[in-house]
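Novice: Structure in structure tokens, see below.
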Amino acid sequence: MEFADYQCPFCEKFYTDTFPDIKKNYIDTGKIKFVYKNLAFLGKESTDAANASMCARDQNKFWEFHDYLFTHQGSETLERLPPTS
């Protein structure tokens, strides 16, 4: 289980450097089930991204959106998300 924030540079480093090996060796082989939990603690953009990821989940696109946010971290992606109520 991972608790992460889409704006956190350490979470992005985990996504880039560690997660691919975990996915290949454990998730894809069925040895583990991986669960991602939003832990939005770095401000409004973090909360907006977490809320948007739940909307993506409702459309069966959570992992696609999750990957997009982490691969575009720092490119103003989170600042351009529409506000959530």
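The values are calculated or read from the model by the stated rules, or taken from the named source; none is laboratory data. All values reported here derive from a predicted model rather than from experimental measurement. Quick reminder, even Gly has a Cβ in these numbers, built from the backbone with ideal geometry, and neighbours come from all protein chains shown. For the accessible areas, the whole protein counts, side chains as well, though only heavy atoms, and no ligand, DNA or RNA atoms are used. Shrake-Rupley method; radii C 1.70, N 1.55, O 1.52, S 1.80 Å.
Novice: Quick check, is E64 under 22 Å from K13 (Cβ atoms), at pLDDT below 90 and of a type in the set (D, E, K, R)?
Specialist: Spelling it out, it is not the case that E64 is under 22 Å from K13 (Cβ atoms), at pLDDT below 90 and of a type in the set (D, E, K, R).
Novice: Looking only at region 1-16, how many residues end up being assigned to a loop (DSSP other than H, G, I, E, B) and open to solvent by 90 Å² or more (accessible area, probe 1.4 Å)?
Specialist: 1
For (1) of a type outside the set (D, E, K, R); (2) more than 17 Å from T71 (Cα to Cα); (3) within 14 Å of the chain's Cα centre (by Cα), each residue gets a yes or a no:
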position	(1), (2), (3)
F10	yes, no, yes
F14	yes, no, yes
F19	yes, no, yes
Y26	yes, yes, no
K33	no, yes, no
A40	yes, yes, yes
A52	yes, no, yes
R57	no, yes, yes
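Novice: Of all residues in region 44-73, which are free of Cβ contacts under 8 Å to residues at least 40 places away in the same chain and assigned to a loop (DSSP other than H, G, I, E, B)?
Specialist: Answer for region 44-73, where residues must be free of Cβ contacts under 8 Å to residues at least 40 places away in the same chain and assigned to a loop (DSSP other than H, G, I, E, B): Q59, N60, K61, H72.
Novice: Pick from F34, F19, F41: which is among the hydrophobic types (A, V, I, L, M, F, W, C), in a helix (DSSP H, G or I) and either at pLDDT 95 or above or under 23 Å from A52 (Cα atoms) (or both)?
Specialist: Exactly one residue qualifies, and that residue is F19.
Novice: Among the residues of region 31-44, write down those that are out of contact with any Phe, Trp or Tyr (no Cβ under 8 Å at 6 or more places or on another chain) and open to solvent by 60 Å² or more (accessible area, probe 1.4 Å).
Specialist: K31, K33, F41, L42, K44
Novice: Moving to a separate point now. Could you figure out which of (1) in contact with a Lys or Arg (Cβ under 9 Å, 6 or more places away or on another chain); (2) loosely packed, with under 13 Cβ neighbours inside 10 Å; (3) of a type in the set (A, V, I, L, M) isn't true of I27?
Specialist: Here I27 clears every test but (2).
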